[in-house]
Every structure is written in C-alpha cells, then in structure tokens.
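Have a look at the structure below before the remarks.
The values are calculated or read from the model by the stated rules, or taken from the named source; none is laboratory data. Given the structure is predicted, the values throughout are model-derived calculations rather than measurements. Cβ atoms come from the backbone with ideal geometry, glycine included; neighbour counts cover every protein chain shown. Just the protein is used for accessible areas: all its heavy atoms, side chains included, with ligands, DNA and RNA removed. Shrake-Rupley method; radii C 1.70, N 1.55, O 1.52, S 1.80 Å.
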Amino acid sequence: QVQLVESGGGLVQPGGSLRLSCAASGSIFRRVTMGWYRQAPGKQRELVATSTSGGSTNYADSVKGRFTISRDNDKNTVYLQMNSLKPEDTAVYYCNLHAVIRDYWGKGTLVTVSS
C-alpha cells in the first residue's frame, strides 16, 4: 500500500518562496510519474506539475518559470519549489503518485499567499 505525506505548506507573503515535500512509502516510486495538484476554495483540483520516471517534467502555464518540480528517488520524495508566489497560488496542494492500476493521493498541505 502506498502512502503519501506532504509537508512544507504555510503562510507566505506575495513574492515569497516555499518548498513542498512529499514522502512516499512503498517500492514503486522510481518507476512512476509523480505530480503536484492544487485546489483553491470553490474551484476544481488542477494540475500544477508532473515528473516522470524518465526525468521529464510538465507544468501548468500559470506556474511556468516560477515553480520547479524535482524528485529524489533514493529518498522516495518529490519536491515542489515555489518562487514568486502570488495570492492566486493560494490552495491546498496535493501530491499524486500515478501507478498503472490507480492513483494515490496525499491529504494535502495548505499554502496561503497573503500580505
């Protein structure tokens, strides 16, 4: 059974930075796509960034140039470095592990961007 635990959320001022971490249990981490999604109040969950097992990354247009996804396969951990944060980045951020048979989700970590 895979478990995902996010950390690193919090309150930050506009223009600031945060780094989210997601630690995964299990042995399939290095073979799967990992992703970050977010859900703002009253909105649907949306893709933020993904990282494939082959090292390719993909970003939502709204975060390109500001956010960077990375992974450490030895630590079973995926990161999301968020720079130049904007109020519209405020959301609960969820870690996703995309396996062949199903998706796994963390419980989420809240990021609030406000002055």
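Observations
- Pick from segment 66-111, criterion of a type in the set (S, T, N, Q) and touching a helix residue (DSSP H, G or I) at 6+ places or on another chain (Cβ under 9 Å), ranking: least open to solvent (accessible area, probe 1.4 Å): 77
- The C-beta contact set for segment 1-25 (first residue under 15 Å from residue 71 (Cβ atoms) and in a strand (DSSP E or B), second residue open to solvent by 60 Å² or more (accessible area, probe 1.4 Å) and among the hydrophobic types (A, V, I, L, M, F, W, C), distance under 9 angstrom, 6+ apart or interchain) comprises 4/105; 21/5; 22/5; 23/5; 24/5.
- Residue 47 falls short on exactly one of the conditions (1) closer than 18 Å to residue 112 by Cβ; (2) open to solvent by less than 70 Å² (accessible area, probe 1.4 Å); (3) without any contact (Cβ under 8 Å) to a residue 24 or more places away in the chain; (4) not polar (S, T, N, Q), and that condition is (1).
- Selection count where residues are part of a loop (DSSP other than H, G, I, E, B) and at pLDDT 95 or above, scope segment 26-41: 1
- Condition broken by residue 84, with the remaining ones in (1) out of contact with any Pro (no Cβ under 9 Å at 6 or more places or on another chain); (2) of a type in the set (Gly, Ala, Ser); (3) touching a residue at least 60 places away in the same chain (Cβ under 8 Å) satisfied: (1)
- Residue in segment 54-65 that is assigned to a strand (DSSP E or B), over 19 Å from residue 111 (Cα atoms) and open to solvent by less than 60 Å² (accessible area, probe 1.4 Å) present: no
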